[in-house]
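First up is the structure itself, then whatever we jot down about it.
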Amino acid sequence: MKLSRQIITSASNPKVKFARAVREGLEKDCVFVEGLRLAEEVLKSRLEVVNVFLTEKLATSERIKSFLFELENRRLVIVSEKVMNLIADTETPQGIVVICKRPESGKELIENRISQKIKSKVTPLVLMLNRINNPSNLGAVLRTAEAVDVEGVILTKGSADAFSPKAIRGSMGACLRLPIWERVDFFEAVAWAKKNGLRVSCADVKATKSYTQIDWKVPRLIVFGSEAEGMSKEELEEIQEIFKIPMRNNVQSLNVAVACGIILYEAIKYCCDSSAAD
């Protein structure tokens with residue numbers, strides 16, 4: 001396809017300035033998505049696309065020809081390599097950045113999923129991340145959460161932005177599809193969980209029971225705290241059941257993404273339908 005658009009070469013172009021503002025988190029209504037694979041995920045989704053930035057080199061390559069026509073109809077912007085380097089969040093840009101509207105979030109999305117699972121006679125499972133402030137770790141957890149089909153993820157105040165560029169890359173776009181409830185007060189979330197019949201549980205090194213001794217057929221809100229701070233005394237008092245991940249060689253803790261993966265995959269042996277676990 002022959003491109004008839006003017007190539008933007010100036011960093012002062014309003015669209016370029018806007019893209020950089022989204023990247024820096026200054027435009028809260030939009031999300032910055034970089035890379036060809038993640039761009040394809042956005043284009044396949046129902047998210048509203050604001051702009052798609054492409055370098056001239058990528059725009060004329062065979063690799064992107066298959067969906068170039070779709071991009072043409074979604075506010076395509078062709079930029080120079082220099083401008084793309086200014087826009088991009090990575091050191092070696094692939095030549096494509098998508099700016100799209102931020103996905104809907106909130107407890108209602110999670111409540112709807114819980115209702116659907118209960119109607120299907122499948123045990124609901126919700127994940128809460130409490131002050132997880134590393135976006136790469138957060139992204140990795142979200143990727144696992146989508147893989148096991150949790151009903152949603154709650155992010156407390158002090159957690160990283162699930163829609164930051166690093167978190168999006170770490171989640172491989174899972175954050176764009178998962179029901180997420182952001183910037184929630186810990187105690188508000190716990191009260192909500194109990195009201196909705198979820199048993200509030202968390203991993204703690206002081207627990208006496210192993211995660212393999214937990215009844216995962218019970219609907220649960222599984223809480224993971226900050227690796228640096230853990231859970232406060234007041235927060236632990238609100239937890240209804242705690243468990244531990246046994247560790248050897250005097251290892252005191254695991255990376256939160258690793259711990260999350262261990263627990264979530266144990267849980268889906270019992271609480272999810274067989275098709276989700278296959």
Angle in degrees between helix 14-23 and the longest Cα principal axis of the chain, rounded to the nearest 10: 20
Only helical DSSP H runs with n ≥ 4 go in: add -39500 (n - 2.57) per run for the chain, normalise by residue count and round the 222 nm mean residue ellipticity to 500 deg cm²/dmol. -10500 deg cm²/dmol
To the nearest 20 debye, what charge dipole does region 14-101 have about its Cα centre, counting +1 at the Cβ of each Lys and Arg and -1 at the Cβ of each Asp and Glu? 160
Helix 186-195 axis, angle to the chain major axis (alpha carbon atoms, nearest 10°): 70
Report, ordered by chain and residue number, the aspartates and glutamates lying within cross-link reach of Lys17, taken as a straight Cα distance under 12 Å and ignoring same-chain residues fewer than 8 apart. Glu27
As straight-line cross-link partners of Lys119, the qualifying lysines (C-alpha separation under 28 Å, not fewer than 8 residues apart within one chain) are Lys107, Lys194, Lys195, Lys217, Lys269
Any idea what angle helix 135-147 forms with the longest principal axis of the chain, computed on alpha-carbon atoms, 0 to 90 degrees, nearest 10? 70
What the 5 Å binned alpha carbon P(r) of the chain shows, as percent of pairs per bin from 0, is 1, 6, 12, 15, 16, 13, 10, 9, 8, 5, 4, 1, 0, 0
Distance between Cα centroids, region 192-255 to region 118-134: provide it in whole Å. 13
Which order results if Glu91, Glu151 are arranged by neighbouring Cβ count within 10 Å, fewest first? Glu91, Glu151
Can you spot the aspartates and glutamates whose alpha carbon is less than 17 Å from Lys117's alpha carbon? Ignore those fewer than 8 places along the same chain. Glu108, Glu146, Asp149, Glu151, Asp273
Efficiency of FRET from Cβ geometry, Thr90 and Lys269, R₀ 25 Å, rounded to 0.05: 0.10
With the charge dipole of the chain built from beta-carbon charges (+1 for Lys and Arg, -1 for Asp and Glu) about the Cα centre, the Cα from Asn13, Asn137, Val218 projecting farthest to the positive end belongs to Asn13
Taking the Cα centre of region 107-277 as origin and charging only Cβ (+1 Lys, Arg; -1 Asp, Glu), how large is the dipole, in debye to the nearest 20? 380
For Val50, enumerate residues with amide H under 5 Å from its amide H, sequence gap 5+ or separate chain, H modeled in the peptide plane. Ile99, Cys100, Lys101
Computed about the Cα centre, the charge dipole of region 72-186 from +1 Lys/Arg and -1 Asp/Glu charges at the Cβ has a magnitude in debye, to the nearest 20, of 200
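Read-outs: derived from the displayed coordinates by stated rules, not from any lab. What you see is a predicted model; the values in this text were computed from it and never measured. Please note: Cβ atoms are built from the backbone with ideal geometry, for glycine as well, and neighbour counts cover all protein chains shown.
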